[in-house]
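Just so it is clear, none of the values below were taken in a lab; they were calculated from the coordinates. Quick caveat: nothing in here was measured; it's all calculated off a predicted structure. Ideal geometry is used to build each Cβ from the backbone, glycine not excepted, and the neighbour counts take in all protein chains shown.
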Amino acid sequence: MNVEETPPPALPVPATALGGRRALITGSTAGLGQAIAARLAEAGCSVMLHGLEAPEAVEPQREALVRRTGARIAYHRADLATPAGVESLVAAANAELGGVDILINNAVVRHFASITEFPPEQWDLALAVNLSAIFHAVRLLLPRMRAQNFGRIFNITSVYGMRGTAGRVGYVTTKSAILGLTRAVALENLDVDVTCHSLCPGSVLTPGTESRVEELMADRGIDRGAAERLFLEGKQPGGSFVSPRSVSDLLAFLCGPIGRDMTGAMLPVEGGWLAS
């Protein structure tokens, strides 16, 4: 290049191009799922919320998100422990939104016990909600995604999909299995613009972790800062919780056209936990 020449300005690459897209997020009335739903609504998506709460309990939250974003927001109550529950959620999303372009499998159950004391019914529930519900949702929504040549599927796993921990056999097993499911789905759809990723958050300050921090404060007689550091000890080396916005911004970014050539990845958002 001649030194007098000025290179043309770089064209901005939009992080999202989501106006008109339709998203279904399981487990989205609180915590990380709620943050993802809000982020996608901000980006122009129509959103189907999901949870176990009665519709009237979720209505104030739904209305507030509509007022803030102007997006179309619906809610459906469904128990994902059964295939029928997943089918009802998918049918509701198709009816309310006219289809689903972006699927986020976030719903999860947890039980804490050693394997010898782990109730068999809790094992079966973990397999059903944490794993089989993903299979059924993808199975039902993938044909239309392929036909329209666009789909984004995100399976929310965890650091514990890559590492073991005592007392959480149901959670560790299902989160590990999600990685394999994600890779299989990704490889089966390389011929179309349908991608599938596992997002791997570390400890996010959700209602569940909030209650455990508060228990530490009460049990140990310590302040909040000390309780958070104790909770995160041996986990995130930075000593602070992952922001839900970090996860939701990454997800929204990969929903756009820049995400076309990236699929089947395990994407850590865990403050260096896996590097330590």
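Along the chain, counting only trypsin sites (Lys or Arg not before Pro) with a DSSP assignment other than H, G, I, E or B and at most 14 other Cβ atoms inside a 10 Å radius, the longest segment between sites is 1-109.
Here the chain is scanned for GluC sites (Glu not before Pro) in DSSP loops (not H, G, I, E, B) that have at most 15 other Cβ atoms within 10 Å, and the longest stretch holding none of them is 54-187. Of the residues Ser248, Ser132, Ser240, the one with the fewest other Cβ atoms within 10 Å heads the list, and the complete ranking is Ser240, Ser132, Ser248. Set against the 2.2 N^0.38 Å expectation for a compact globular protein, region 56-152 has a Cα radius of gyration ratio of 1.29. Where (1) 51, 45, 32; (2) 66, 54, 39; (3) 65, 47, 32 are the candidate values, the label of the one calculated here for Cα extents along the principal axes in Å is (2). Taking other Cβ atoms within 10 Å as a rough exposure proxy, Ile73, Ile104 sort from fewest to most as Ile73, Ile104. Other residues within the sphere of radius under 13 Å centred on the Cβ of Glu53, judged by their own Cβ, net out at -1 (K and R +1, D and E -1).
For the pair Ile258 and Ala91, a Förster radius of 25 Å applied to the C-beta separation gives a FRET efficiency near 0.20, rounded to the nearest 0.05.
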